[in-house]
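The values are calculated or read from the model by the stated rules, or taken from the named source; none is laboratory data. Please read all numbers here as calculations on a predicted model, not as lab measurements. A quick note on method: Cβ atoms are made from the backbone with ideal geometry, for glycine too, and the neighbour counts reach across all protein chains shown.
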């Protein structure tokens, strides 16, 4: 887990850029045919909501959690 405290306009801009980059990457991957599914659409919509919320520069905290599972990939 990583946390990023947002306590300045510069920090807010950095957080917005992170969320924009993630959103763009998910959108590009799903349009390439790799992840065209309901799960991908829901994930994309979630990040769109986060991206749009980050457009307003406010103080806060961005926390990223990466969970690894013991199961392998389906493919």
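Details
- Single residue of region 1-13 satisfying the filter (assigned to a helix (DSSP H, G or I) and surrounded by 15 or more Cβ atoms within 10 Å (Cβ to Cβ)) that is nearest to the chain's Cα centre (by Cα): 12
- Sole exception among (1) surrounded by 11 or more Cβ atoms within 10 Å (Cβ to Cβ); (2) touching a strand residue (DSSP E or B) at 6+ places or on another chain (Cβ under 7 Å); (3) closer than 29 Å to residue 73 by Cα for residue 30, by number: (2)
- Of residues in region 35-58 being in a loop (DSSP other than H, G, I, E, B) and without any contact (Cβ under 8 Å) to a residue 40 or more places away in the chain, the one surrounded by the fewest Cβ atoms within 10 Å (Cβ to Cβ): 56
- Test: residue 67 is part of a loop (DSSP other than H, G, I, E, B), exposed (fewer than 10 other Cβ atoms within 10 Å of the Cβ) and at pLDDT 85 or above: yes
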